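Enquirer: Have a look at this one.
Every read-out reported here was derived from the displayed coordinates using simple, explicitly stated rules and does not represent laboratory data. This structure is a prediction, so every number in the text was calculated from the model and none was measured. Positions of Cβ are generated from backbone atoms using ideal geometry, with glycine treated the same way; all protein chains shown enter the neighbour counts.
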Amino acid sequence: MVSYRIFLLLMERAGKLFSINKLANILKVSPDTVRRYLEHFQDTYLVHLLPRFGTTNERILSAKKIYAADLGIRNIFTGFRDKGSLFENYVYLKLKHLNPAYIYKEGIEIDFITRNKILVEAKYKSELQGKQLELFKKLKAKKKFLAKDVHDVHEIVN
């Protein structure tokens, strides 16, 4: 069943950039088939797509990140694994009303910047390091949050 296989691959990629063409190649179906199912999944609120922060062209043309609308459904399809990805998906669900986008600069990604310029990186029980930390510090934002657990997320949304 094509719809099941597409949805399974989307759930496995929750919190990550995805490519319609790559999914089509893996499943040996046309990109139009994947696109149609993706639209159905969005229309029925099973998945959310997160655009890249930037100009209109960047928002439209850049790869999107995908998030499950329900973490329980995601876990049914993928099992309870990759806690970092699950946590990032949870953070997205708490921020989605703030119209977030992801940032991608210099080959480095920052998880979210909201329409009111709150910068958020979701790192389940870990720290920012290296070039990602440098970019996080360098970006201009009204507020910056490193979300490492559920308590941090509540601080952001309250």
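Enquirer: So if I place +1 on the C-beta of Lys and Arg and -1 on the C-beta of Asp and Glu, and nothing else carries charge, what would the dipole magnitude of segment 2-157 be about its Cα centre? I want it in debye, nearest 20.
Expert: On the way: 29 positive and 17 negative charges, 69 e Å.
Taking the Cα centre of segment 2-157 as origin, the dipole is about 320 debye.
Enquirer: Please report the relative contact order for segment 117-158, taking Cα pairs under 8 Å with a sequence separation of at least 6, and give it as a percent rounded to a whole number. Mind dumping the intermediate values first?
Expert: Details: 39 pairs, mean separation 22.4, N = 42.
Once normalised by length, the contact order is 53 percent.
Enquirer: May I pose another question? Ordered by residue, what ³J(HN,Hα) values in Hz, to whole numbers, does segment 95-100 give under the Karplus form 6.51 cos²θ - 1.76 cosθ + 1.60, where θ = phi - 60° and Gly and Pro are x?
Expert: Result, ordered by residue: 9, 4, 5, 9, 6, x Hz.
Enquirer: Now for a separate question. Given that just one value was derived from the coordinates, which of (1) 18.9, 64; (2) 34.1, 100; (3) 15.7, 47 is Rg and Dmax of the Cα atoms in Å?
Expert: Answer label, from the structure shown: (3).
Enquirer: Could you tell me the distance between the Cα centroids of segment 104-158 and segment 4-64, to the nearest Å?
Expert: Cα centroid to Cα centroid, the span is 24 Å.
Enquirer: Under the rule of at least 5 residues apart or a separate chain, name every residue whose amide H is placed under 5 Å from the amide H of residue 53.
Expert: HN-HN under 5 Å from residue 53: 102, 103, 104.
Enquirer: How far apart, in nm, are two points set 7 Å out from the Cα along the Cα-to-Cβ line at residue 138 and at residue 17?
Expert: Placing both labels 7 Å along Cα→Cβ, they lie 1.7 nm apart.
Enquirer: Looking at segment 11-66, which trypsin sites (Lys or Arg not before Pro) are in a loop (DSSP not H, G, I, E or B) and have at most 12 other Cβ atoms within 10 Å? Spell out each step's value before the answer.
Expert: Values: sites: 13, 16, 22, 28, 35, 36, 52, 59, 64, 65; in loops: 13, 16, 28.
Listed in order of number, the matching sites are 28.
Enquirer: Let me ask something else. Grab the DSSP H runs of the chain that are 4 residues or longer, score each as -39,500 (n - 2.57), total them, divide by all residues and round the 222 nm result to the nearest 500 deg cm²/dmol.
Expert: Numbers: 8 runs with 76 residues, N = 158.
Helix-only estimate at 222 nm: -14000 deg cm²/dmol.
Enquirer: Output the relative contact order of segment 2-83, whole-number percent, from Cα pairs under 8 angstrom with separation of 6+ residues. Don't jump to the answer; show the numbers that get you there.
Expert: Details: 84 pairs, mean separation 28.6, N = 82.
After rounding, I find 35 percent.
Enquirer: Could you grab the relative contact order for the chain? Cα pairs under 8 Å, six or more apart, rounded to a whole percent.
Expert: Working: 215 pairs, mean separation 28.1, N = 158.
Relative contact order, the chain: 18 percent.
Enquirer: Sticking with this one: Amide H to amide H under 5 Å from residue 47: which residues, 5+ apart in sequence or cross-chain, H placed 1.01 Å off N in plane?
Expert: 42, 69
Enquirer: Output ³J(HN,Hα) for segment 77-94: one whole-Hz value per residue in order, computed from phi by the Karplus curve 6.51 cos²θ - 1.76 cosθ + 1.60 with θ = phi - 60°, and x for Gly and Pro.
Expert: 7, 10, x, 8, 9, 6, 4, x, 5, 4, 5, 4, 4, 4, 4, 4, 4, 6
Enquirer: If amide H atoms are built 1.01 Å from N in the plane of the peptide, which residues on other chains or at least 5 residues away come under 5 Å of the amide H of residue 64?
Expert: Those qualifying (amide H under 5 Å, at least 5 residues apart or on another chain) are 18.
Enquirer: Still on this structure, please answer the following. How would you classify segment 1-74 from its alpha-carbon gyration tensor, with a ≥ b ≥ c the square roots of the eigenvalues: rounded for a/c under 1.5, else prolate if a/b is greater than b/c, otherwise oblate? Spell out each step's value before the answer.
Expert: Numbers: a/c = 1.86, a/b = 1.26, b/c = 1.48.
Oblate.
Enquirer: Let me ask another. Using DSSP to call loops (not H, G, I, E or B), can you name the GluC sites (Glu not before Pro) in segment 61-130 whose Cβ has at most 15 other Cβ atoms within 10 angstrom? Don't skip to the end; give the middle numbers.
Expert: Values: sites: 88, 106, 109, 121, 127; in loops: 106, 127.
Passing sites in segment 61-130 are 106, 127.
Enquirer: Follow-up question, since we're still on this one. Report the longest stretch of the chain that contains none of the chymotrypsin sites (Phe, Trp or Tyr not before Pro) sitting in a DSSP loop with at most 13 other Cβ atoms within 10 Å. Can you show the working numbers first?
Expert: Values: sites that count: 45, 80.
Looking at the chain, 81-158 is the longest stretch - no exposed chymotrypsin sites (Phe, Trp or Tyr not before Pro) with at most 13 other Cβ atoms within 10 Å.
Enquirer: Tell me the net charge near residue 84. Cut-off is 9 Å between Cβ atoms, residue 84 excluded, with +1 for each Lys or Arg and -1 for each Asp or Glu.
Expert: Numbers: positive: 83, 123, 125; negative: 82, 88.
Taking every other residue near residue 84 into account, the sum is +1.
Enquirer: On to the next question. Give the percent of DSSP beta bridges with both residues in segment 2-157 that are antiparallel, rounded to the nearest 5. Please list the in-between numbers first.
Expert: Working: 12 of 18 bridges.
Around 65 percent of the beta bridges assigned by DSSP in segment 2-157 are antiparallel ones.
Enquirer: Using the Cα gyration tensor of segment 71-158, with a ≥ b ≥ c the square roots of its eigenvalues, what is the shape: rounded (a/c below 1.5), prolate (a/b larger than b/c) or oblate (neither)?
Expert: Prolate, since a/c reaches 1.5 and a/b exceeds b/c.
Enquirer: How large is ³J(HN,Hα) for each residue in segment 5-11, as worked out from phi by the Karplus curve 6.51 cos²θ - 1.76 cosθ + 1.60 (θ = phi - 60°), to whole Hz, x for Gly and Pro?
Expert: 5, 5, 4, 4, 5, 5, 5
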